[in-house]
Amino acid sequence: MSKMIFVNLPVASLAKAIAFYESIGATKNPQFSDDTAACRVLSETIFVMVLTHDKYRQFTSKPIADASKTSEVLLALSTDSR
């Protein structure tokens, strides 16, 4: 089995996050998507999970970072074109 990465991100607007990842070519994985989370496939081995804050809190008791005040995560993804 190939090594895979699942990046889990809390988002204020699930719809806006879905639109962003679709705009850069990510496709939907319905197996891990519902009204509280959306799995977006960037490649065979890279997946982005965008989660509502309530859903994200099910996985950690730590506070969700306020992205306007602190860094939450730094990621770099390569692609062939915009």
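How many percent of the accessible area of the chain is carbon or sulfur, using a 1.4 Å probe?
Numbers: 3360 of 6300 Å².
The value for the chain is 53 percent carbon and sulfur by accessible area.
Report, in deg cm²/dmol and to the nearest 500, the calculated mean residue ellipticity at 222 nm for the chain, where each DSSP H run with n ≥ 4 adds -39500 (n - 2.57) and the sum is divided by the residue count. Let's see the in-between values first.
Values: 2 runs with 14 residues, N = 82.
When only DSSP H runs of four or more count, the value is -4500 deg cm²/dmol.
Could you point to the label whose value was computed as Kirkwood radius over Cα pairs in Å for the structure here, given [x] 12.5; [y] 13.6; [z] 13.3?
Matching the structure shown: [y].
How large is the accessible surface per residue of the chain, computed with a 1.4 Å probe and reported in Å² as a whole number?
77 Å²
Given Cα pairs under 8 Å that are at least 6 residues apart, what percent is the relative contact order of the chain?
The value is 30 percent.
Set the Förster distance to 22 Å, then compute FRET efficiency between Ser68 and Val41 from the Cβ-Cβ distance, nearest 0.05. Write down the numbers at each step before the final one.
On the way: r = 29 Å, r/R0 = 1.31.
Result of the calculation: an efficiency of 0.15.
With everything on Cα atoms, drop me the angle between helix 14-23 and the longest principal axis of the chain, reported from 0 to 90° to the nearest 10.
20 degrees
Could you tell me what percent of the DSSP beta bridges with both partners in the chain are antiparallel, to the nearest 5?
Details: 7 of 14 bridges.
Counting DSSP beta bridges with both partners in the chain, the antiparallel share is about 50 percent.
The values are calculated or read from the model by the stated rules, or taken from the named source; none is laboratory data. The model shown is predicted, which means the values in this text are computed figures rather than measured ones. Positions of Cβ are generated from backbone atoms using ideal geometry, with glycine treated the same way; all protein chains shown enter the neighbour counts. These area figures cover heavy atoms from the full protein model, side chains too; ligands, DNA and RNA do not enter into them. Shrake-Rupley method; radii C 1.70, N 1.55, O 1.52, S 1.80 Å.
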